[in-house]
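Contents: one structure, followed by commentary.
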Amino acid sequence: MLILAIESSCDETAAAVVRMSEDERTILSNIVASQVETHALYGGVVPEIASRAHIEAVSPCVEKAVSDAGVTLSDIDAVAVTYSPGLIGCLLVGVNFAKSLAFSLGVPLIPVDHIRSHTAAAYFTDAELQAPFLSLVVSGGHTSLYSVPEPATYEEIGSTRDDAAGEAFDKVGRVMGLTYPGGAAMDALAREGFEARGEGKRKKEDYIRFPSPAINDDTFDYSFSGLKTAAVNHIHNLRQKAGLSDKAPIDREEMAEIACAFTESVVDGICKKLALAIEETKTERLVLAGGVAANSHLREGIAKLCKKKNIKLYMPSLSLCGDNGAMVGAQAYYEYLSGVRGDTDLNAYASGEGAEAARAIHRI
Ligand code: KG4
Ligand code: ZN
């Protein structure tokens, strides 16, 4: 089945053509038009600007996805689109475009949840991946753990009660003076910090310690706001003590240690709850997905945990961790098989609740 998939939930306009069947998962094209440089000027995504940029980019992206795939629109069997969660103005651009395209082509429209799509990126990395599995999605907007008994059934068993992990990475990066989004730069800085520790350049008693994001109870929930605030306060205090202004650059070694300590807390906290969830659910497979799943330390930490627990770990390749259309196409296939269809009244939903209601309506 050839699926044309469109993604516009945040600051990336993306379109892809994927071929999916019982024994095939192939990406024929995967086009991403990123707005990151535009939003970097403001230190974060500006919704109004993002929606307008999607309007300009969506048609060229889809055209390129179709031509790069070596197919024509008449070959497409279904059009898939992210309809939730995300920035509402951004989602509406993709939804309206997909709706018009599907009905003009006379093919089914498949509404897809963005978080499910992140998980589905892992289907391309490992041909053997099959439900049931646990999925941990760590992104700019979400940090949630799901039990996935079937590919189109997601039961949330844990989540963040405040900020998402990616949001915290970006905020700490911004306060340190890194370009938005700071996640990838924090990853590299943390590596320098871990190396400095390993080489004994920093004494153990001088290691920075930040609070854990793992909530101290028996749920699988996280809280990243305490960790984020502790790191931000630490940076402010550092500048104050040195008589520096709010935006003044900080010593590189100090930045590396802050990134290292922050990352250590994130990874240890995530692994602590994950270990509980693995024990309680007795899962044999874990998917780690979302933009922050590109973090090298998180990948290493979770790989170590899965080895210890003797379960198989599936992670999308780095290029499929961030927002893209192929992941939407993959999840769309399984939604399609489970009977999900969008109609002319398909709407976009910023949060999961409205989407759940819509899912009930559109399941046939
Ligand atoms: O999944 P995604 O592309 O968009 C959302 O759905 O939110 O995730 C974007 C997030 C940003 O916060 C970005 O800083 C973070 O993923 N990110 C990383 C890394 N690469 C991207 N965070 C930590 N380490 C990385 N290597
Ligand atoms: Zn995303």
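Against the longest alpha carbon principal axis of the chain, how many degrees, from 0 to 90 and to the nearest 10, is the axis of helix 47-68 turned?
Rounded to the nearest ten degrees, it is 60.
Would you mind getting me the FRET efficiency between E300 and E155? Use the beta-carbon distance for r and R0 = 35 Å, nearest 0.05.
Values: r = 28 Å, r/R0 = 0.80.
E(calc), rounded to 0.05, equals 0.80.
Can you pull the three principal axis extents for the Cα set of the chain, in Å, largest first?
Rounded to whole Å, the extents work out to 66, 45, 35 Å.
Express the carbon and sulfur contribution to the solvent-accessible surface of the range 228-364 as a percent, rounded to the nearest whole number, probe 1.4 angstrom.
Numbers: 3300 of 6380 Å².
Looking at the range 228-364 in its full context, I get 52 percent from C and S.
In a Debye calculation with equal point scatterers on the alpha-carbon sites of the range 220-262 and no solvent, what is log10 I(q)/I(0) at q = 0.16 Å⁻¹?
So the normalised log intensities are -0.46.
If you line up the long axis of helix 225-241 against the longest principal axis of the chain, both from Cα atoms, how many degrees apart are they, to the nearest 10?
The angle comes out at about 40 degrees.
Under the rule of -39500 (n - 2.57) per DSSP H run of 4 or more residues, summed and divided by the residues of the chain, what mean residue ellipticity at 222 nm is obtained, to the nearest 500 deg cm²/dmol? Mind showing how you got there, number by number?
Values: 12 runs with 169 residues, N = 364.
Mean residue ellipticity, 222 nm, calculated: -15000 deg cm²/dmol.
Check each of the trypsin sites (Lys or Arg not before Pro) in the range 248-344 and keep only those in coil by DSSP with at most 15 other C-beta atoms within 10 angstrom; list them in order. Please list the in-between numbers first.
Details: sites: R252, K272, K273, K282, R285, R299, K304, K307, K308, K309, K312, R341; in loops: K282, R341.
Qualifying residues, ordered by number: K282.
Taking 0.36 nm per residue of separation and subtracting the Cα-Cα distance, what length does fully extending A40 through S338 add? Display every interim value, and only then the final one.
Values: separation 298, 0.36 × 298 = 107.28 nm, distance 3.96 nm.
Result for the pair: 103.3 nm of gain on full extension.
Looking only at Cα atoms, what is the convex hull volume of the range 82-167 per residue, in Å³? Show your work: numbers first, answer last.
Details: hull volume 9.6 nm³, N = 86.
Cα convex hull per residue, to the nearest whole number: 111 Å³.
Please calculate how many Å² of accessible area the chain carries per residue, with a 1.4 Å probe and no DNA, RNA or ligand atoms counted.
On the way: 15650 Å² over 364 residues.
With the other protein chains kept in place, the chain gives 43 Å² per residue.
For the Cα atoms of the chain, what angle does the longest principal axis make with the long axis of helix 252-281, in degrees from 0 to 90, nearest 10?
For helix 252-281, the angle is close to 60 degrees.
When the Cα centres of the range 1-60 and the range 146-175 are compared, how far apart do they sit, in Å?
Spelled out, the Cα-based centre of one part sits 20 Å from the other.
For the chain, what's the relative contact order in percent, using C-alpha pairs closer than 8 Å and at least 6 residues apart?
Working: 760 pairs, mean separation 87.5, N = 364.
Computed value for the chain: 24 percent relative contact order.
Could you grab the relative contact order for the range 146-277? Cα pairs under 8 Å, six or more apart, rounded to a whole percent. Walk me through the numbers before you get to the answer.
Numbers: 165 pairs, mean separation 42.6, N = 132.
Once divided by the residue count of the range 146-277, the mean separation gives 32 percent.
Which value, in Å³ per residue, describes the convex hull spanned by the Cα atoms of the range 141-286? Let's see the in-between values first.
Working: hull volume 19.0 nm³, N = 146.
Cα-based convex hull of the range 141-286, divided per residue, equals 130 Å³.
Could you count how many Lys pairs in the range 174-290 have their Cα atoms under 19 Å apart, skipping same-chain pairs fewer than 8 positions apart? Walk me through the numbers before you get to the answer.
Working: K228/K247; K228/K272; K228/K273; K272/K282; K273/K282.
Lysine pairs, 8 or more places apart or on different chains, close enough: 5.
How compact is the range 217-364 by the rule of thumb for globular proteins, expressed as Cα Rg over 2.2 N^0.38 Å?
Values: Rg = 20.5 Å, N = 148, 2.2 N^0.38 = 14.7 Å.
My calculation over the Cα atoms of the range 217-364 gives 1.40.
Report, in cubic angstrom per residue, the convex hull volume of the C-alpha atoms of the range 310-352.
Details: hull volume 6.3 nm³, N = 43.
Each residue corresponds to 146 Å³ of Cα convex hull volume.
The values are calculated or read from the model by the stated rules, or taken from the named source; none is laboratory data. Quick caveat, the model's predicted, so the values are computed rather than measured. Heads up, the Cβs are rebuilt from the backbone with ideal geometry, glycines too, and the neighbour counts pull from every protein chain shown. Quick note on the areas: whole protein, heavy atoms, side chains included, nothing else; ligands and nucleic acids left out. Shrake-Rupley method; radii C 1.70, N 1.55, O 1.52, S 1.80 Å.
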